[in-house]
Amino acid sequence: MSDISRRTLLSGSALLLASTAMPAFGWAQTPKKGGRLVLAADSEPRNLNPAIVASNGVFFISSKIVETLAEASFDGKDGLEPRLALSWEGAADGLSVTFKLRDGVKWHDGKPFTSADVAFSALQVWKPLQNLGRIVFKDLAAVDTPDDFTAVFKFAKPTPFQLIRNALPALSSVVPKHIYEVGKIEDNPANNAPIGTGPFKFGEYKAGQYYKLTRNADYWGKDEPYLDEIIYQVLPDRTSAAAALEAEEIQLAAFSAVPLADLDRISKVPGLKVISKGYEGLTYQLVVEINHRRKELADVKVRQAIAHAIDKDFVVKTVFLGYAATATGPVPKNDPQFYTADVPTYPFDVAKANALLDEAGYAKADDGKRFAVKLLPAPYFNETKQFGDYLRQALAVIGIDAEIVNNDAPAHIKAVYTDHAFDLAVGPPVFRGDPAISTTILVQSGIPDGVPFSNQGGYKNDALDALIAKASETLDTAARTDLYKEFQKEVAADLPLINVAEWSFISVARDTVGNIANNPRWAVSNWADTYLAG
Amino acid sequence: MSPLNRFLHRPETLAGAIILGVLFAMALFASLLFPGDPQAIAGPALLPPFHDWSLPLGTDRLGRDVLAELFHGARTSLAVGLAAAAAALLIGAVVGTLAGFAGGVVDEVLMRITDAFQTVPSFLLALAFVSVVGPSLGVVVAAIALGAWTGPARVARAEVLSIRERDYVAGARVIGMHPLEIAFREVLPNALPPVLALSSVIVAAAILTEAALSFLGLGDPNRVTWGGMIAEGRTVLRTAPFLSIVPGIALVLTVLGVYLAGEGVVETAAVRRSLS
């Protein structure tokens, strides 16, 4: 109650301030109810079910509607804060995890939320259907529901509790059993108009125009949400987001919808703020993927030469305009649990790169070229394409003649991950808080053809495979963390792929938008406490 | 007055000729003035024009020399423009001559095919073709020619229809020349001038189409093109507008030059015809 009275007091004093024509920033301290937040959306996912498609494009919209068991947090224990689960406890033998669930939560259609929904989501959706859940929950055998607010996950093989914990924010979207138990889950109409427990209900979607979310008056969070409506205005053209912000047509552009090159200018526009926080849990990695079927590239000396030829500082400074960090290995520097700097590094050194190539037996021909490669930059980001242009030049300097092949997104995925029609590719994999979720798959062998964002370069290293297998069944958190430190060393030494940089996104918002970036996955969290002042 | 004098007498034609001359010089001397890879990184990124005289037009987002890119881009633009126009004129002249000279079913079939190609907007046709086959210089040339040959075909056919009734054609028939020989040796050369008059329009359109394809990311990514330069500059339009403006101006001047010079040629030819 003391919280409420303070809030009332503050808003009262803010009213007083406003009445005496004081600057409006007094408002920014007090969450205000009501209002419509309009923001830019650059893609239009058709399937909005985050329990099936665990990707940031889907989360961006549906995380406000469908909630997870826990959300990432800056200061919570183990970097988590409760959502639908109040607590989680792992058994010592690694065979079970017990979740205590929140009482009094209602689905958007009025039915109560219970442990049966969690059991259904885990067994019928996350494990068999979800892109990431297939890996993390592969040994999940059953979910016991002793009462309505307890769910006990039973694993067939010991599964590290640390991994389950780290997977909660992205992988544990709970969908309603009573909606999904009829018919095929993939074809359920709720995939396009989700029903959840979140602070906002799905309103409507007009293709090419907008998504509308409306306030859930029955939300379990006290007084939340503050906003009445969220409108995702579809602006596929990146240059238009900045103009729309300046024209006050939208109040927020997340996920770097404003091009990096425009940030310097737009930060000087009165009424707009540039925020680089709130994406700590969504680190993208700029990676050179290598096809080890090419004789030249199967030689570790050639891969080391390529690593030495890339000026990472230049890439961070020029391609990312400083909004990135140089990478040392497969785990990003900003990861608090696993990162180690104690790995072999490859400083920018053209002479050394040339020497390594000569040593490998690929001498320069008369025209200064050693061999030719096909380079496929991923088309998803401006930065991956630009880095492709840079890499072509960097390789030319050491006598490797790279021919760039541009594809659209589906053709790129097919060419690299199914047809293996590449020598080098530029990819942006995501680090999701634990190497076992989506990082080890990038280097591990034995993955079937056609799995996107996995090792499709034909790389096979038995020592590394053994290390990954051992880490996946090590229950002790400290021992598991050490194994992943060793994994980073091994990857950096043998270079199945080359990690160049790590970046996150930037938000640009009007000053009136409050409670921005208050957790490490803010753009894809539920926004129950986001508000509009003034 | 000699034809050349008459040609250069008109000020707009002279301007067109000068622009074209400069363009050809840029394309010819690009490798001499800017040896090596024009896409090599030459300095700090996003250097504005006229700040550093070793990089007079500044640098792009990766620090590549804009002037060098402009010169090498002239090469691509001219090469694509001329090659696409030549291909379009060749296909058009052959199809038109065959249709006009043979008449009957052949004429019907060829002209309906021409109709079919004419009903599809040529740019869409090029877009579809390049996205299916994959972007490279040869494919882009073919894609543009695919949408541009119908105009020459129609003009050639109309011209052939009137020529084939002339006495010398009848004469050729009488002495037993093969019909194809008559069509391509006797008729086509005389039907060519009005077809060639279309060339300036086709070259100009081809250069624009190539730029538009590159702008949409369907150009050859391993080559500098003006359209690609504009597309790259677009992401930094508000902070470094020169990156789009410089190749944009080059594009406008080129198309203008080709058009003015082409008009001049047509006028000169027309005067000569009426004089003779």
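Here is how the numbers come out for the structure above:
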item: Test: residue in the stretch B:185-202 that is under 17 Å from B:Ala143 (Cβ atoms), at pLDDT 90 or above, crowded, with 23+ Cβ neighbours inside 10 Å and away from chain A (no Cβ under 12 Å); result: yes
item: Flag for A:Ala309 being among the small types (Gly, Ala, Ser) and at pLDDT below 95; result: no
item: Sole residue being over 19 Å from B:Leu82 (Cβ atoms) and within 14 Å of another protein chain (Cβ to nearest Cβ), chosen from B:Gly134, B:Gly176; result: B:Gly134
item: Scope the stretch B:214-236; condition at the interface with chain A (Cβ under 8 Å from one of its Cβ atoms) and of a type in the set (Gly, Ala, Ser); matching residues; result: B:Gly217
item: Matching residues, the stretch A:397-412, being more than 22 Å from A:Val302 (Cα to Cα) and either facing another protein chain (nearest Cβ under 10 Å) or outside any helix (DSSP H, G or I) (or both); result: A:Asn406, A:Asn407, A:Asp408, A:Ala411
item: Residue, nearest to the other protein chains (Cβ to nearest Cβ), within the stretch B:34-60, restricted to residues that are over 16 Å from B:Ile230 (Cα atoms) and in a strand (DSSP E or B); result: B:Ile41
item: Residue in the stretch A:308-329 that is farther than 30 Å from B:Ala231 by Cβ, more than 25 Å from the chain's Cα centre (by Cα) and away from chain B (no Cβ under 14 Å) present; result: yes
item: Subset tally (residues that are closer than 29 Å to A:Leu129 by Cα and free of Cβ contacts under 8 Å to residues at least 24 places away in the same chain) for the stretch A:206-241; result: 3
item: Output for the stretch B:181-219, where each listed residue is closer than 13 Å to B:Val130 by Cβ and of a type in the set (Phe, Trp, Tyr); result: B:Phe215
item: Residues being within 14 Å of chain B (Cβ to nearest Cβ) and either among the charged types (D, E, K, R) or surrounded by 15 or more Cβ atoms within 10 Å (Cβ to Cβ) (or both) - total across the stretch A:213-244; result: 8
item: Verdict on A:Asp423 being away from every other protein chain (no Cβ under 13 Å), over 23 Å from the mean Cα position of the chain (by Cα) and closer than 24 Å to A:Arg134 by Cα; result: no
item: Residue list for the stretch B:239-273, restricted to those being buried (at least 18 other Cβ atoms within 10 Å of the Cβ) and either within 14 Å of chain A (Cβ to nearest Cβ) or within 30 Å of A:Ala241 (Cα to Cα) (or both); result: B:Ala240, B:Phe242, B:Leu243, B:Ser244, B:Val246, B:Pro247, B:Gly248, B:Ala250, B:Leu251
item: Any hit, the stretch B:80-101, residues being within 28 Å of B:Thr239 (Cβ to Cβ), surrounded by 17 or more Cβ atoms within 10 Å (Cβ to Cβ) and in contact with a Leu (Cβ under 9 Å, 6 or more places away or on another chain); result: no
item: Among residues of the stretch A:487-518, those that are within 16 Å of A:Asp335 (Cβ to Cβ) and crowded, with 17+ Cβ neighbours inside 10 Å, counted; result: 9
item: All positions within the stretch A:39-53 that are in contact with a helix residue (DSSP H, G or I) (Cβ under 8 Å, 6 or more places away or on another chain) and at pLDDT below 85; result: A:Asp42, A:Ser43, A:Pro45
item: Members of the stretch A:375-416 found to be aromatic (Phe, Trp, Tyr) and at pLDDT 90 or above, listed by number; result: A:Phe387, A:Tyr390
item: Meets criteria (crowded, with 17+ Cβ neighbours inside 10 Å, in a helix (DSSP H, G or I), modelled with pLDDT of 90 or more and on the phi < 0 side of the Ramachandran plot) for A:Ala151; result: no
item: Sole residue being more than 14 Å from every other protein chain (Cβ to nearest Cβ), out of contact with any Pro (no Cβ under 9 Å at 6 or more places or on another chain) and either in a loop (DSSP other than H, G, I, E, B) or on the phi < 0 side of the Ramachandran plot (or both), chosen from B:Ile91, B:Ile18; result: B:Ile18
item: Qualifying positions in the stretch B:61-83 - within 14 Å of chain A (Cβ to nearest Cβ) and part of a helix (DSSP H, G or I); result: B:Ala68, B:Glu69
item: Filter result for A:Phe255 (within 14 Å of chain B (Cβ to nearest Cβ) and aromatic (Phe, Trp, Tyr)); result: no
item: Selection count, the stretch A:92-130, where residues are surrounded by fewer than 16 Cβ atoms within 10 Å (Cβ to Cβ) and in a loop (DSSP other than H, G, I, E, B); result: 7
item: Test for B:Gly43: is it more than 22 Å from the chain's Cα centre (by Cα) and surrounded by fewer than 19 Cβ atoms within 10 Å (Cβ to Cβ); result: yes
item: Lone unmet requirement of (1) out of contact with any Leu (no Cβ under 8 Å at 6 or more places or on another chain); (2) at pLDDT 90 or above; (3) surrounded by fewer than 16 Cβ atoms within 10 Å (Cβ to Cβ) for A:Arg36; result: (1)
item: Among (1) at pLDDT 90 or above; (2) closer than 19 Å to B:Ala211 by Cα - the single one B:Asp60 does not satisfy; result: (1)
item: Total residues in the stretch A:400-430, condition of a type in the set (Gly, Ala, Ser) and closer than 15 Å to A:Phe387 by Cβ; result: 3
item: Residue satisfying all of: in the stretch A:367-384; over 36 Å from the mean Cα position of the chain (by Cα) and within 14 Å of chain B (Cβ to nearest Cβ); surrounded by the fewest Cβ atoms within 10 Å (Cβ to Cβ) among these; result: A:Asp367
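This table checks each residue for (1) in contact with a strand residue (DSSP E or B) (Cβ under 7 Å, 6 or more places away or on another chain); (2) more than 30 Å from A:Asn407 (Cβ to Cβ).
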| site | (1), (2) |
| --- | --- |
| B:Ser162 | no, yes |
| B:Val169 | no, yes |
| B:Thr209 | no, no |
| B:Asn222 | yes, no |
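Each row is one residue, and each column tells you yes or no for (1) outside any strand (DSSP E or B); (2) surrounded by 19 or more Cβ atoms within 10 Å (Cβ to Cβ); (3) among the aromatic types (Phe, Trp, Tyr).
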{"site": "A:Gly329", "(1), (2), (3)": "yes, yes, no"}
{"site": "A:Phe338", "(1), (2), (3)": "yes, yes, yes"}
{"site": "A:Lys352", "(1), (2), (3)": "yes, no, no"}
{"site": "A:Ala365", "(1), (2), (3)": "yes, no, no"}
{"site": "A:Gln386", "(1), (2), (3)": "yes, yes, no"}
{"site": "A:Leu395", "(1), (2), (3)": "yes, yes, no"}
{"site": "A:Val416", "(1), (2), (3)": "yes, yes, no"}
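The values are calculated or read from the model by the stated rules, or taken from the named source; none is laboratory data. Owing to the predicted nature of the structure, the values given are computational and were not obtained by experimental measurement. FYI the Cβ positions are ideal-geometry reconstructions off the backbone, even for glycines, and counts take in every protein chain you see.
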